[in-house]
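Nothing in this text is a laboratory measurement; each read-out follows from the coordinates by a stated rule. A quick note: this is a predicted structure, and the numbers were derived from the prediction, not measured. Positions of Cβ are generated from backbone atoms using ideal geometry, with glycine treated the same way; all protein chains shown enter the neighbour counts.
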Amino acid sequence: MPSTPFFPPKHTDTPPAAWLFCRVIDNYGDIGVSLRLARRLNEAGFQVALWHDRPAALAKLLGEAPLPAAIRAHHWQGDAAESIAAELAAVAPALVIETFGCDLPPAALAAVRTHRQLWLNWEYLSAEPWAEAMHGKPSLQADGTEKYFWLMGFSETSGGLLREAGYLKKQQAFLANPAAQAALRRRLGLPETPRRAVQCFCFGYAGAQWADWLAAWQAAGEALDVWLADRQIIHSLHQAGAIPEHALREPGSVWQDGAVRLIRIGFVPQAEFDAVLWLADMAIVRGEDSFVRAQLAGKPLLWHIYPQAEQAHLPKLHAFWHKAAAFAPLPAAHQALSDDLNHAAALTPAARTESWRQLLQQLPQWRQAAEQWQGKLLRQPDAVERVLARWPELVG
């Protein structure tokens, strides 16, 4: 994959700088990926300036963990000319990234045209063939500068996934530390001693299907604890009359009917998200960052993909599961429930119940497939390693 030369940063004792730009469209997904990318670039030795337009969303993802000193967050308002000028006065960037095609503000675009930094359009994750074909391709702009498409993915020919160094060691250390696990359970508001039940972390979008799924969990008769993160699913259950209005109003509150116990947990900041996944037996996750982290955790999972008009999300959903299942076969009920969750093909109540019963009974096989997939991903270079392998001059 040839690279068109750009003017690399002059060698100094100052670490190279990277500029990231993010417009928040999808809840926490865009800023979540941008924050993850900023942290990973910082870990790789960059000073990072992150321009974003949703301070409240960033603050919620950070929780009580401050940004590292080498990452500066700027509220992106207007064309951000003042803050960009201040950053340029401090250190010219080696790398400029617009996340998800958000378009650079004029001041940043002028800097790229003048200094010829490496300019990447960091796009949404996809396993679709077109994404791998487009990955890394240059896009010649009208003024002659080049912007490169960077598309994250799951194969060696894609842009890879964001993963910090030492991920597996951190997971193993947490799983070997009962005190750390107990402390996390307390912070989440989970019962200190888990009962003999499948522990399912659940972070999804609002929708009428959650009342149907609760009915299926109850009818399946398998002991199941569902940790409901944020408020959207709980709101959906209230609206449908599936749980009483007074139920699950506060983090730590519990509602139980038969073998199923719903537990509300508070919003999980990004720094703790991995540990929550490690603590659970399985996960239902939404968006992009949460989806990737569940895979890296080696957890059996269902993906609640962000819904798009005219079912445009379904090819992306099916392309991923086709790739994953070809590497490590999944239980037969998995595809039926995945399609039901994402409005691809609705199940009857009886079929939904039976699919859940089968899936929970086949959890060991499902876990084995998830761990095989985890191993495949952890053996690959991560996304930032791939950027630096292609443009080693970035770090001089």
Exercise. List, in order, the whole-Hz ³J(HN,Hα) value for each residue of the range 341-349 obtained from phi through the Karplus relation with A = 6.51, B = -1.76, C = 1.60 and θ = phi - 60°; use x for Gly and Pro.
Key: 4, 9, 6, 8, 7, 6, 8, 6, x
Quiz item: What is the ratio of the Cα radius of gyration of the range 167-379 to 2.2 N^0.38 Å, where N is its residue count, to two decimals?
Solution: 0.97
Exercise. Show the residues, 5+ positions off or on another chain, whose built amide H is closer than 5 Å to the amide H of LEU161.
Key: GLY153, ALA383
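So how strong a dipole does the chain carry about its Cα centre when Lys and Arg Cβ are +1 and Asp and Glu Cβ are -1, to the nearest 20 debye?
820 debye
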Self-check item: Other-chain or far-sequence residues with amide H under 5 Å of LEU118's (modelled H)
Solution: VAL96
Quiz item: Karplus couplings for the range 377-387 from phi (6.51 cos²θ - 1.76 cosθ + 1.60, θ = phi - 60°), rounded to Hz, Gly and Pro as x?
Solution: 5, 6, 7, 8, x, 7, 4, 5, 4, 6, 4
Quiz item: Could you give the nm distance between label points at ALA179 and ALA133, where each point is 7 Å from its Cα heading toward the beta carbon?
Solution: 5.6 nm
Quiz prompt | Modelled FRET efficiency - R0 41 Å, HIS75 with LYS170, Cβ distances, 0.05 increments | solution = 0.85
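Send over the Kirkwood Rh of the chain, from the inverse of the averaged 1/r over different Cα pairs, rounded to one decimal Å.
22.3 Å
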Quiz item: Counting only residues 5 or more places away or on other chains, whose amide H sits under 5 Å from the amide H of VAL268 once H atoms are built in the peptide plane?
Solution: ASP230
Practice problem: For the chain, set up a Gaussian network in which alpha carbons nearer than 10 Å are linked by springs, and say which option among ARG367, ARG286, ARG195 fluctuates the most. | Solution: ARG195
Quiz item: What does the convex hull of the alpha-carbon atoms of the range 288-396 project to on average, in nm²?
Solution: 8.4 nm²
Quiz item: How much length, in nm to one decimal, is gained on full extension between SER155 and ALA142, taken as 0.36 nm per residue of separation minus their Cα-Cα distance?
Solution: 1.5 nm
Quiz item: For the chain, what does -39500 (n - 2.57) per DSSP helix run (n ≥ 4), summed and divided by total residues, give at 222 nm, in deg cm²/dmol to the nearest 500?
Solution: -13000 deg cm²/dmol
Exercise. Starting from the Cα-Cα distance between ILE25 and ARG196, subtract it from 0.36 nm times their residue separation and give me the gain in nm to one decimal.
Key: 57.6 nm
Practice problem: Specify whether the C-alpha gyration tensor of the range 29-146 places it in the rounded, prolate or oblate class, a ≥ b ≥ c being the square roots of the eigenvalues: rounded for a/c under 1.5, otherwise prolate if a/b is larger than b/c and oblate if not. | Solution: oblate
Self-check item: Charge-dipole axis of the chain as Lys and Arg at +1 and Asp and Glu at -1 on Cβ define it, positive-most pick from LEU190, TRP119, PHE174
Solution: PHE174
Quiz item: Given the range 167-379, what percent of its DSSP beta bridges are antiparallel, to the nearest 5?
Solution: 20 percent
Quiz item: In sequence order, what are the phi-derived ³J(HN,Hα) couplings for the range 67-76 according to the Karplus relation 6.51 cos²θ - 1.76 cosθ + 1.60 with θ = phi - 60°, rounded to whole Hz, with x for glycine and proline?
Solution: 5, x, 4, 7, 10, 10, 9, 10, 6, 7
Quiz item: So what is the relative contact order for the range 167-379, in percent, with contacts set as C-alpha pairs under 8 Å and at least six apart?
Solution: 21 percent
Quiz item: Between VAL395 and LEU62, what length in nm is gained on full extension when 0.36 nm per residue of separation is reduced by their alpha carbon distance?
Solution: 117.1 nm
